[in-house]
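*Asks:* Structure provided below as structure tokens; questions to follow.
The values are calculated or read from the model by the stated rules, or taken from the named source; none is laboratory data. Keep in mind that what you see is a predicted model, and the values were worked out from it rather than measured. FYI the Cβ positions are ideal-geometry reconstructions off the backbone, even for glycines, and counts take in every protein chain you see.
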Amino acid sequence: MTEFFFFLFAAMAILSAIFMVTQANPVASVVYLVVTFFALSGLFVILDAHFIAAVQVIVYAGAIMVLFLFVIMLLNLGSGVPTDIRRGLARMLAGSVALALIVVLTRLVLGDPGSEALAPSALASVLEAKGAVRALAEPLFNRYLVAFEVTSVLLLVAVIGAVVLARRRAP
Amino acid sequence: MILDFSSNTDYLVALLPEGLLALAAFGILLADVFQRGDRPEPSGAWTAYAAIAGTLIAAAANLWLLLEVDAGPGLVAVDGFRLAANFILLSGTLLALLFAIDYQRRESMHVGEFYALLLLATVGMMVLVAAQDLLLIFLGLELMSIAVYILTGFNRTDPRSAEAGLKYFLVGAFASAFLLYGIALLYGVTGNTNIADVVDRVVTGSAEGEVMLLAGVLLLLIGFAYKVAAVPFHMWAPDAYEGAPTSVTGYMAVGVKTAAFVALLRVFSVQLAPAADFWTGIVWWLAMLTMIVPNLVALVQNNVKRMLAYSSVAHAGYLLVGVAAGTAFGRAAALFYLAVYTLMTLGAFAILSLVAGKGDRHMNLADFRGLGWRRPALGFGLLIFLLSLAGFPPTGGFVAKLYILRAAIDAGEVTLAVTLVLASLLSYYYYLRVVWKMYFEEGADHDVASSNGSFRLGAALCAAGVLLLGLLPGPVLRGFEWAGSDIVGGAAATTAIEAPRPDAPANPSAGGPAP
């Protein structure tokens, strides 16, 4: 059963990712990206990472993609965007690089004994004891509290930057 | 006081300088909003003075940490290396603030956000030099970088500034991706982000996943190489430095470089020292290229700001020699070099910003004609900074290069040492060309504005520091030698030179006169 869902979501993720980069219309591209994110969150559920799956849907598929759509619609990007790679040689080059990457990744996944560590059982015992949210929250608010606080300063700087660079009137 | 990091409140003490600086930045932002609202007028002069006061308080807290606090292993280190680097960073910030006030007024950018962002960038730098955990290294680096991207594009009505900001942002985000990917690979193999634990795995080198470990270390190195602008990862630097407001250029040239180099030294020269066989060769080539290429390009620059930008890339090459040496003395020499580099680079960019005039229009070589006679003090200051950048005695630049040479030769890197000398000889041409224009050619046609008090104070501190470090380098170097060997978790620390303990009076107060 798990295997069936894995292949279902994996195929969905890969297919919609391919559709995303091949679509000429940016809005359609974004919609396919949303589908990819949903499929990925399905994969997270299979890995027992329920919390990350939920966050994936809420943050990525929800908030960020809506922003993407808004920006694309506001910029009024039509469907007439010319492709980046036009010359034959460049196409061949890009294609062969992509092919080489696929070959290398496939060999890694098939040949790597370490990938068993990522099997669903790796998280099961932790989840059994603490639940998905607590397993994540404990390191975040204990061991990595400093990192968490630095992140908050980082976000503040980003907000200040957005205001400074985008405000309408010069002082 | 001894911290063991068993409770998170210990971090409040260990990160006291960073915390105080961040509080100063928040205070400036908040008070500025209440005072100015959204009226389009410059902020009060107090914003700059508050930032200066915040920097001084952070330096005092740093001194207190140095004298009173010891700590066990944690996410951040409380060791001499970090605190000495903090002094260099805070001196750089203080001087940059002193120089910025005049410039920001002139270009109508005198707003509280500028000073707050400058302080927050410094907080990021200080987190970066303290980090003992890959996660914190990434966060410190990003905090620093994002604040500096914004500062680069701060003058958004000027297309050059906006372009530089965008370019720097895109390349910087690309570099962060390298770093993050490297961290992800290391975490994937070791299941830990603590550098010491990662290093254990690198050293024991269990067969499975070794390729991933090496790839992770390599990506980490590339990420750092982007940040310190080492050739061939330097393409962004001249454009970003040239386009940024000149008050920011000096700061980013010294601050970003210092922080990234100290983190590079901590991760590679100390923690990854057991795996030196793997990375020394790469650093060797980076150093070689970074010494040769920018010096050649700088020869043909007619724009002084761009010339100084290439010169700053070349100095990264000299510093990389200190990294390649990989010894405690190499780290001490690099710290000393960074301190001198901070003073001379900030001074040179500050005088350039004054000569360039409103809108940064006069930055060509021809605009410096006769400057030494028309404005003797200004010309003499620039003379000192240029001679120091070139590495003439009796300036600090000479002594700093000498120490780097000694570290390289002690470590057996003779080829690098010879290249350093030859590259310096090459650089004489473009530094001395400016001096020639200043003293031996007649009159440029524009008037150079007079400087204000804080500018004169900053320039005097820089010049005095450069000369002092050139004439009496001993005490400061001894402080740095102690700092270079007082590092948490390094096997290299055992080769430490006899050096005073932190409670001894020898205070490695880095930037000479500043803090």
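*Asks:* Residues that are facing chain B (nearest Cβ under 7 Å) and modelled with pLDDT of 85 or more: which helices (runs of 4 or more DSSP H) entirely in region A:120-170 hold 1 or more of them? Write out each step before concluding.
*Replies:* Details: elements: A:121-130, A:132-138, A:145-166.
Hits in region A:120-170: A:145-166.
*Asks:* Residue by residue through region B:150-176, note down the ones that are over 18 Å from B:H110 (Cα atoms), surrounded by 24 or more Cβ atoms within 10 Å (Cβ to Cβ) and within 11 Å of chain A (Cβ to nearest Cβ).
*Replies:* B:G165
*Asks:* Still on this model: Evaluate region B:49-65: report whether one residue or more is buried (at least 17 other Cβ atoms within 10 Å of the Cβ), within 14 Å of chain A (Cβ to nearest Cβ), in contact with a helix residue (DSSP H, G or I) (Cβ under 8 Å, 6 or more places away or on another chain) and on the phi < 0 side of the Ramachandran plot.
*Replies:* The answer is no, given that none of the residues of region B:49-65 is buried (at least 17 other Cβ atoms within 10 Å of the Cβ), within 14 Å of chain A (Cβ to nearest Cβ), in contact with a helix residue (DSSP H, G or I) (Cβ under 8 Å, 6 or more places away or on another chain) and on the phi < 0 side of the Ramachandran plot.
*Asks:* Among the residues in region B:148-155, are any aromatic (F, W, Y) and touching a Pro at 6+ places or on another chain (Cβ under 8 Å)?
*Replies:* Yes: one or more hits.
*Asks:* Another question, then. From the list B:V111, B:V127, which one is at the interface with chain A (Cβ under 7 Å from one of its Cβ atoms), within 23 Å of B:A53 (Cα to Cα) and modelled with pLDDT under 90?
*Replies:* That would be B:V111, the only listed residue that is at the interface with chain A (Cβ under 7 Å from one of its Cβ atoms), within 23 Å of B:A53 (Cα to Cα) and modelled with pLDDT under 90.
*Asks:* Further question: Which one of these is loosely packed, with under 14 Cβ neighbours inside 10 Å and either touching a residue at least 12 places away in the same chain (Cβ under 8 Å) or of a type in the set (S, T, Y) (or both): A:F19, A:F5, A:F38?
*Replies:* None of the others qualify; the one that does is A:F5.
*Asks:* Of the residues B:G443, B:G379, only one is outside any helix (DSSP H, G or I) and in contact (Cβ under 8 Å) with a residue 12 or more places away in the chain; which?
*Replies:* B:G443
*Asks:* Which of the residues spanning region A:85-106 are part of a helix (DSSP H, G or I) and over 25 Å from the mean Cα position of the chain (by Cα)?
*Replies:* A:G88, A:L89, A:A90, A:R91, A:M92, A:L93
*Asks:* A further question follows. Going by the conditions given, is B:F81 more than 17 Å from B:S454 (Cβ to Cβ), within 25 Å of the chain's Cα centre (by Cα) and crowded, with 17+ Cβ neighbours inside 10 Å? Working first, answer last.
*Replies:* Values: more than 17 Å from B:S454 (Cβ to Cβ): yes; within 25 Å of the chain's Cα centre (by Cα): yes; crowded, with 17+ Cβ neighbours inside 10 Å: yes.
Yes; evaluated as a whole, the condition is true for this residue.
Every residue, every condition in (1) within 17 Å of B:L75 (Cβ to Cβ); (2) among the charged types (D, E, K, R); (3) buried (at least 17 other Cβ atoms within 10 Å of the Cβ), yes or no:
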position	(1), (2), (3)
B:V13	yes, no, yes
B:P17	yes, no, yes
B:A24	no, no, yes
B:R36	no, yes, yes
B:S43	no, no, yes
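*Asks:* Let me ask something else. Pull out all pairs, ordered by first then second residue, where Cβ-Cβ is under 6 Å, the residues are six or more apart or on different chains, the first lies in region B:51-75 and is modelled with pLDDT of 95 or more, and the second is surrounded by fewer than 15 Cβ atoms within 10 Å (Cβ to Cβ) and of a type outside the set (D, E, K, R).
*Replies:* If the second residue must be surrounded by fewer than 15 Cβ atoms within 10 Å (Cβ to Cβ) and of a type outside the set (D, E, K, R), no pairs are left.
*Asks:* Let me ask another. Could you tell me which numbered condition B:L136 fails, if it satisfies all but one of (1) facing chain A (nearest Cβ under 10 Å); (2) at pLDDT 90 or above; (3) over 20 Å from B:L23 (Cβ atoms)?
*Replies:* Status for B:L136: all satisfied but (3).
*Asks:* Of the residues B:F385, B:F392, B:F349, which is surrounded by fewer than 22 Cβ atoms within 10 Å (Cβ to Cβ), under 21 Å from B:A298 (Cβ atoms) and within 22 Å of the chain's Cα centre (by Cα)?
*Replies:* From the options B:F385, B:F392, B:F349, the qualifying one is B:F392.
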